[in-house]
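**Q** Below is the structure I would like to discuss, written out as structure tokens.
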Amino acid sequence: MTELHGVLPSVVRRTAPDRNPARRRRERQALTHHRRTRSRLRAADVIIVAMSEPAQRPPLPPFTRETAIEKVRLAEDAWNSRDPERVSLAYSVDSRWRNRAEIFSGRDLIVAFLTRKWDRELDYRLIKELWAFDGNRIAVRFAYEWHDDSGNWYRSYGNENWEFDENGLMRERHASINDRRIEESERLYDWPLGRRPDDHPGLSDLGL
């Protein structure tokens, strides 16, 4: 009987109904708040880790002929969008540029440069073509057509040397460019503004 009396109180404690529903409600609310807070903290940890790791831009070096050609076409497509912010994301945050006589570094200055460029170079259409590649470097030749705000048309010819980091972001870009005045009737790029269609001829096909 003594043993029964020793067990009985614990049984009663487990089975007796809680006579304080308000307390139970507060406990449930506290538990729900705790779970939501823990979930938000886990999500924040994921965001912090993602922000601390450099974004990758495939294809990554070392390049093959196929991946180098793909990298060139992706760059062409981005530049034909004429969206400075979009284009800048292909470059490392401290990317170093020489474009004609301008030398600068960093994404903010890249965006500023491209904004000025496309404010001046209207109806811009570009074709790039792989010239050579080795390891994490690619050499490109290109030509683009545009006109100024007076309606004068130009075809600009250039060569670029690119170097990429391990994440596929371009950390160096060296571009030499010459402008040639053309008549509107001499234009060779006639696709709608934006990405060059896959069936549109490239530089070599056009004899450029």
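The values are calculated or read from the model by the stated rules, or taken from the named source; none is laboratory data. Owing to the predicted nature of the structure, the values given are computational and were not obtained by experimental measurement. When we count neighbours, we look across all protein chains shown, and the Cβ atoms used for this are built from the backbone with ideal geometry, even at glycine.
**Q** Give me the pairs: first residue in the range 114-133 and in a strand (DSSP E or B), second residue surrounded by 14 or more Cβ atoms within 10 Å (Cβ to Cβ) and among the polar types (S, T, N, Q), beta-carbon distance under 7 Å, and six or more apart or on different chains, which are they?
**A** Every condition considered, the pairs that remain are ARG125/ASN80; LEU126/ASN80.
**Q** Is there any pair linking a residue in the range 67-96 that is in a strand (DSSP E or B) to one that is surrounded by 17 or more Cβ atoms within 10 Å (Cβ to Cβ) and of a type in the set (Val, Ile, Thr), with Cβ under 9 Å and at least six apart or on different chains, and which?
**A** Once the first residue is in a strand (DSSP E or B) and sits in the range 67-96, its partners that are surrounded by 17 or more Cβ atoms within 10 Å (Cβ to Cβ) and of a type in the set (Val, Ile, Thr) give TYR91/ILE110; SER95/ILE110.
**Q** Would you mention how many residues in the range 97-113 are touching a Lys or Arg at 6+ places or on another chain (Cβ under 8 Å) and touching a residue at least 24 places away in the same chain (Cβ under 8 Å)?
**A** Matching residues across the range 97-113 total 3.
**Q** Can you confirm whether the range 165-176 contains a residue that is farther than 28 Å from LEU60 by Cβ, assigned by TED's automatic domain parsing to the domain that holds ARG73 and buried (at least 18 other Cβ atoms within 10 Å of the Cβ)? Don't jump to the end; show me each part of the working.
**A** Restricting attention to the range 165-176, the residues satisfying the condition of being farther than 28 Å from LEU60 by Cβ are none.
No, the range 165-176 contains no residue that is farther than 28 Å from LEU60 by Cβ, assigned by TED's automatic domain parsing to the domain that holds ARG73 and buried (at least 18 other Cβ atoms within 10 Å of the Cβ).
**Q** Which residue out of ALA101, ALA139, ALA175, ALA143 is more than 23 Å from ILE69 (Cβ to Cβ) and modelled with pLDDT of 95 or more? Walk me through how you get there before you give the answer.
**A** Values: ALA139 fails: more than 23 Å from ILE69 (Cβ to Cβ); ALA175 fails: more than 23 Å from ILE69 (Cβ to Cβ); ALA143 fails: more than 23 Å from ILE69 (Cβ to Cβ).
Exactly one residue qualifies, and that residue is ALA101.
**Q** From the list GLU76, GLU70, which residue is of a type outside the set (Ser, Thr, Tyr), within 16 Å of the chain's Cα centre (by Cα), assigned by TED's automatic domain parsing to the domain that holds LEU188 and surrounded by fewer than 16 Cβ atoms within 10 Å (Cβ to Cβ)? Talk me through it step by step, then tell me what you get.
**A** Values: GLU76 fails: surrounded by fewer than 16 Cβ atoms within 10 Å (Cβ to Cβ).
Matching residue, one of GLU76, GLU70: GLU70.
Quick grid of which residues meet (1) on the phi > 0 side of the Ramachandran plot; (2) part of a loop (DSSP other than H, G, I, E, B); (3) at pLDDT 70 or above; (4) touching a Pro at 6+ places or on another chain (Cβ under 6 Å):
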| site | (1), (2), (3), (4) |
| --- | --- |
| ARG19 | no, yes, no, no |
| ARG36 | no, no, yes, no |
| ALA43 | no, no, no, no |
| MET51 | no, no, no, no |
| GLN56 | no, yes, yes, no |
| PRO59 | no, yes, yes, no |
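Table: residues versus (1) under 28 Å from PHE104 (Cα atoms); (2) more than 28 Å from the chain's Cα centre (by Cα); (3) among the hydrophobic types (A, V, I, L, M, F, W, C).
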residue	(1), (2), (3)
ILE177	yes, no, yes
ILE182	no, yes, yes
SER185	no, yes, no
HIS200	no, no, no
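**Q** Separate question: Can you run down the residue pairs with Cβ atoms below 6 Å, 6 or more apart or on separate chains, where the first is in the range 182-208 and at negative phi and the partner is among the polar types (S, T, N, Q) and part of a helix (DSSP H, G or I)?
**A** If the second residue must be among the polar types (S, T, N, Q) and part of a helix (DSSP H, G or I), the pairs left are ARG195/ASN80.
**Q** Tell me whether the range 79-91 contains one or more residues that are surrounded by fewer than 16 Cβ atoms within 10 Å (Cβ to Cβ) and either of a type in the set (Phe, Trp, Tyr) or in contact with a Lys or Arg (Cβ under 7 Å, 6 or more places away or on another chain) (or both).
**A** Scanning the range 79-91, I find no residue that is surrounded by fewer than 16 Cβ atoms within 10 Å (Cβ to Cβ) and either of a type in the set (Phe, Trp, Tyr) or in contact with a Lys or Arg (Cβ under 7 Å, 6 or more places away or on another chain) (or both), so the answer is no.
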